[in-house]
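One structure below.
Every number in this text was worked out from the coordinates using simple rules, so none of it is lab data. Here the structure is a predicted model, which means the values were calculated and not measured. Neighbour counts are summed over all protein chains in view; Cβ atoms, including those assigned to glycine, are modelled from backbone coordinates with ideal geometry.
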Amino acid sequence: MTRKATNRKTLTATTMESDKAAHGWTFLTNHAHVLAVLHSNPQKVLREVAIEVGITERAVQRIIQNLEEGGFIERERVGRQNRYHILKGQTLRHPVEAHRKIGDLLKLITGA
């Protein structure tokens, strides 16, 4: 990775963190943010997911583990990388939104 690309990623993560701090809270959880990022690019490495979401790589690892254990994603090993498959037919967990599926949430967030 070039120095310029590294600086751009750091700037993006810093900007996102300062935006979160300015607002104090968001409507969606980090779990939903990680799902949305992986939906847009299932082969994205966790370090890049962490930068985009604005959390640590370790936090992304824990979220991925939660999502796998909950039956919301499946991990496929492709060479030296992982590819994540989101199980869009799974229902959301909270009783208020249990009538909706993961695919509905992703469609709302990403428009795809």
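In terms of its C-alpha gyration tensor, segment 37-78 comes out oblate, because a/c is 1.5 or above while a/b does not outweigh b/c. State log₁₀ I(q)/I(0) for segment 35-112 at q = 0.12 Å⁻¹ as given by the Debye formula over alpha-carbon point scatterers of equal weight, solvent excluded. Log-scaled intensity ratios, in q order: -0.33.
Taking the Cα of residue 28, stepping 7 Å toward and past its beta carbon, and measuring to each backbone N in segment 94-112: which are under 15 Å? Residues 101-112 qualify, since their backbone N sits under 15 Å from the label point.
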